[in-house]
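Asker: Before anything else, here's the structure in question.
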Amino acid sequence: MLTLIGIPTANTVEPETLKAIYGQADADTDTSLDILYGFRIDVQRNLLCEEAIRIGADYLLMVDSDVVLPSTALRDLLDPPAEIVSGLVRIKSLRRKGEYAAVFKGVPLLYESIPEGRSKVDWCGGACLMIKTSILKDIPKPWFEFHEEPGAAVSEDIWFCQQAQKAGIQVYADKRVACGHIIKEQYGFEEGF
């Protein structure tokens, strides 16, 4: 079995992200690493899907460039196998502190409310997202795309989950894979240094 680990990035990959990827506990898979930059995030995610198909990967694990995986993430996301499963990545916004990038029945999930193990979700974020490559043939291209809808914008990862569910593919989030999310605060000139 082969898993492509793909990192989409706007510019750089945090050292902690790479350390966590290289520090994965034994998993029953060979891995290949691909880092993309210079395109919009939805374009990068689509290119990573294409690369996974091209190299014959069984799975694609997308890890955002500021996410720190737990040491057993790869093993846990593959056991048991699923078509789409996400690790839990905390939302950066301070206003939404404690929420994870997953929603079930329209309600954002709080870590404490998520059952142990895997849970079905309506959608999940793409910051730590495992996709069984063979399902991509069942979902129309582009797999990831930003969409404007009346009164709201739909991000590329939500779009992917919606398209997968339309194709009859269930989306899961796995509480065993609680990831770190690096937050680097920026201060404007008026706030000081």
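Asker: Take each of the peptides 133-141, 53-61, average the number of other beta-carbon atoms within 10 Å over its residues, and list them starting from the highest.
Answerer: On the way: 133-141: 14.0, 53-61: 18.2.
Those peptides, ordered most packed to least, come out 53-61, 133-141.
Asker: May I pose another question? Excluding Ala167 itself, calculate the net charge of residues whose Cβ lies under 11 Å from the Cβ of Ala167, where each Lys or Arg counts +1 and each Asp or Glu counts -1.
Answerer: On the way: positive: Lys137, Lys166; negative: Glu83, Asp138.
Net charge in that neighbourhood comes out at 0.
Asker: Moving on. Can you send over the carbon and sulfur percentage of the accessible area for region 1-84, probe radius 1.4 Å, protein chains only? Please list the in-between numbers first.
Answerer: On the way: 2000 of 3970 Å².
For region 1-84, the apolar C and S fraction of the accessible surface comes to 50 percent.
Asker: Rounded, prolate or oblate, given the Cα gyration tensor of region 13-64, with a/c below 1.5 counting as rounded? Before the final figure, lay out the partial values.
Answerer: Details: a/c = 2.80, a/b = 1.17, b/c = 2.39.
Oblate.
Asker: Oh, and also: Compute the signed sum of charges (Lys and Arg +1, Asp and Glu -1) over the other residues within less than 15 Å, Cβ to Cβ, of Arg176.
Answerer: -1
Asker: List, in the order given, every pair from Lys19/Lys175; Lys141/Lys166; Lys19/Lys120; Lys19/Lys141 whose Cα-Cα distance in the structure shown is over 25 Å.
Answerer: Numbers: Lys19/Lys175 21 Å; Lys141/Lys166 13 Å; Lys19/Lys120 30 Å; Lys19/Lys141 33 Å.
From the list (Lys19/Lys175; Lys141/Lys166; Lys19/Lys120; Lys19/Lys141), the Cα-Cα distance tops 25 Å for Lys19/Lys120; Lys19/Lys141.
Asker: Tell me the chymotrypsin sites (Phe, Trp or Tyr not before Pro) within region 1-44 that lie in a loop according to DSSP and have at most 14 other beta-carbon atoms within 10 Å. Could you put the intermediate results ahead of the total?
Answerer: On the way: sites: Tyr22, Tyr37, Phe39; in loops: Phe39.
Hits after loop and neighbour filter: Phe39.
The values are calculated or read from the model by the stated rules, or taken from the named source; none is laboratory data. Everything quoted here is computed from the prediction, not taken from an experiment. No Cβ is skipped: glycine too gets one built from the backbone with ideal geometry, and neighbour counts run over all protein chains shown. These area figures cover heavy atoms from the full protein model, side chains too; ligands, DNA and RNA do not enter into them. Shrake-Rupley method; radii C 1.70, N 1.55, O 1.52, S 1.80 Å.
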